[in-house]
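Here, each number is a calculation from the coordinates, and none is a lab measurement. Given the structure is predicted, the values throughout are model-derived calculations rather than measurements. Here Cβ is always computed from backbone atoms with ideal geometry, including for glycine, and neighbour counts include all displayed protein chains.
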Amino acid sequence: MLETFVARQPILTKNEEIYAYELLYRSNNQNNECSEDGDKATLDVLLTSIQIGIHELSEGKLCFVNFTENLLKSEVPKYIKPNIIVIEILESVFLSSELIHICKKLKELGYKIALDDFVMTDHEQAMENIMRLVDIVKIDIQNTSRSEQLKLIHLLQKFNVKILAEKVESRTEYEQCLKDGYTYFQGYYFSKPTILSTKDLELNSSNLYAIISELSHGEPDVSKIAYYIERDVAISYKLLKLINSRLILSSNEIKSIPHAVMLLGLTELKKWLYLLFMRENLQGKRNHIPNQIIKMCLIRAKTCELIAMNTGKRQDSASYFLTGILSLIDTLFDSPLDRIIEKLPLDKIIIDTLLGAQTPFRDSLELVISMEKGEWTEMDKLANKININKDILSNIYLNGIKWTNDIYESSF
């Protein structure tokens, strides 16, 4: 189990009301940035924000996110809707004609663009071109003298841009910036970045690669894609979180993994998986010991699915599978089940089952749990209740174990 972090710092208006939040990379719960890899830092910020829930994180406000030259050229900003983010171009990015063309296309799609740590440049034509596309310019008032600030403000007045005072650390500085003509304000005077964290599950890279490979085909096989997602607890959980993040869709009552894939759509699925793929490559290979709890989730999922198929409920078998794969999610995250479930866009019967209500799904799940524990009397009672032959049941459970072991043998 991993723990991932993101910090947010408010950006305020002249009336000291929150206009937006800047989302900042953090490698731990200490309030300092510790990444020398800008690409990885931004990908971590985006994916951690989805995991936490970007709507809750931003409180419905815009989110400023730093983008490197590489990520701009890779069109990563397009993976997030334009009403969610402000694309903040780092001062280290060289504003070549190619970058300006990329910004023009992003602007046409409705994205807001900000320049970070703006300074004077000798490249007058490049500055003229980019300023026609930029919405907000950030000036670091700690590293820029007031006389230089006033020159920049005067220079920027001929463009249709708002100017943001960055690193405002006192009331005196804030009031001076107000007089000088800044529109937005950010800094420790208002608030230090607040760190938020979430627990994350490690991906099975082979499943991720298999899904991306299938998506690269001219006509991807949706059933194959769902098949590989279902083999991975982490990807299944992240997919549900993505759908519930409001980055892509409103909340939907998901009945199964194939249902989730259909609702998201292959185009959006490909974008999201590409972000995961990029981050996995940047992190490099990690030594990972298979978690027994994840194995139990997979065994439960497959066994519940097979029980449904053998008791006349084939049409619901994918929902039985999803119920099984999420049945230990509270153990994986070491968090109360109701708090996890409320943030997943699940069908009501799956939610009720996971929370312990008596449902047709619950009987099958309890039956699988009784087999895990070797509680034979309880197993007999539940098998009779759902009308399944105990000999068939034994084979089903063994098939669930074999299916899970096959996944681990081919993936680790």
Completion exercise
P(r) of the chain over all Cα-Cα pairs, 10 Å bins starting at 0, rounded to whole percent, reads 4, 20, 27, 20, 14, 9, 4, 2, 0
Practice task
Please express the Cα-Cα pair-distance distribution P(r) of the range 292-411 as a list of whole percents, one per 10 Å bin, running from 0 to the bin with the greatest distance.
Solution key: 14, 47, 32, 6
Handout entry: LYS162 long-range amide H proximity, modeled H, under 5 Å
Key = ILE136, VAL137
Problem - Spin-label pair THR183/SER147, simplified geometry with 7 Å Cα→Cβ offset, distance in nm - result: 2.9
Completion exercise
So the compactness index of the range 203-278, its C-alpha Rg divided by 2.2 N^0.38 Å, takes the value 0.99
Exercise for the section: Please give, to one decimal in nm, the separation of the simple spin-label points placed at GLU56 and GLU342, each 7 Å out from Cα toward the Cβ. Expected result: 0.8
Handout entry: Modelled label reach - LYS402, point 7 Å along Cα→Cβ, the range 292-330 residues with backbone N closer than 18 Å
Key = 298-310
Exercise for the section: Beta carbons within 10 angstrom, averaged per residue: use that to sort the peptides 227-238, 296-307, highest first. Expected result: 296-307, 227-238
Practice task
Grab the other residues whose beta carbon is less than 12 angstrom from that of ALA308, score K and R as +1, D and E as -1, and report the net.
Solution key: 0
Exercise for the section: Sequence neighbours fewer than 8 away in the same chain don't count; with that in mind, list the lysines whose C-alpha is under 23 Å from LYS343. Expected result: LYS61, LYS81, LYS199, LYS238, LYS241, LYS255, LYS270, LYS271
Completion exercise
Packing-ranked peptide list from 358-364, 368-374, 156-162, 19-25, highest mean Cβ count within 10 angstrom first, is 19-25, 358-364, 368-374, 156-162
Practice task
Subtracting the Cα-Cα distance from 0.36 nm times the residue separation, let me have the gained length for PHE159 to LYS81 in nm, one decimal.
Solution key: 25.5 nm
Exercise for the section: Enumerate the residues in the range 62-96 having an amide nitrogen under 11 Å from the point lying 7 Å beyond the Cα of SER216 toward its Cβ. Expected result: none
Fill in the blank from the handout: If R0 = 60 Å, then LYS381 and GLU202, at their Cβ-Cβ distance, give a FRET efficiency to the nearest 0.05 of 0.95
Handout entry: Cβ-placed point charges (K, R +1; D, E -1), dipole of the range 2-197 about Cα centre in debye, nearest 20
Key = 600
Handout entry: Net charge over other residues, Cβ less than 14 angstrom from the Cβ of ASP135 (K, R count +1; D, E count -1)
Key = +3
Exercise for the section: Please list the non-local residues whose amide H lies under 5 Å from the amide H of ASP200, H modeled 1.01 Å from N, same-chain partners needing a gap of 5 or more. Expected result: LEU2, GLU3, THR4
Practice task
Just need the relative contact order of the range 289-369 here, percent rounded to a whole number, with Cα pairs under 8 Å and 6+ apart.
Solution key: 30
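Please report, in debye to the nearest 20, how large the charge dipole of the chain is about its Cα centre when each Lys and Arg carries +1 at its beta carbon and each Asp and Glu carries -1 there.
Numbers: 48 positive and 57 negative charges, 139 e Å.
Computed about the Cα centre, the dipole is about 660 debye.
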Problem - Label-point separation, ASN389 to PHE190 (7 Å along Cα→Cβ), nm - result: 7.0
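Helix-derived [θ] at 222 nm for the chain: sum -39500 (n - 2.57) over DSSP H runs of at least 4, divide by residue count, nearest 500?
-15500 deg cm²/dmol
If you take the beta carbon distance between LEU90 and SER223 as r and set R0 to 60 Å, what does 1/(1 + (r/R0)^6) give as a FRET efficiency, to the nearest 0.05?
It comes out at approximately 0.90.
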Problem - the range 2-197: relative contact order as a whole-number percent, Cα under 8 Å and 6+ apart - result: 23
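For every other residue with a beta carbon closer than 15 angstrom to the beta carbon of LYS112, add +1 if it is Lys or Arg and -1 if Asp or Glu, then tell me the sum.
+4
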Problem - Over the range 334-383: Kirkwood hydrodynamic radius from C-alpha pairwise inverse distances, Å - result: 11.9
Problem - the range 165-222 - charge dipole about Cα centre, Lys and Arg +1 at Cβ, Asp and Glu -1, debye rounded to 20 - result: 440
Practice task
Between ALA41, ALA210, ALA226, find the one with the highest GNM mean-square fluctuation for the chain; connect C-alpha pairs within less than 10 Å.
Solution key: ALA210
Problem - Most to least packed among 164-173, 322-331 [average Cβ atoms within 10 Å] - result: 322-331, 164-173
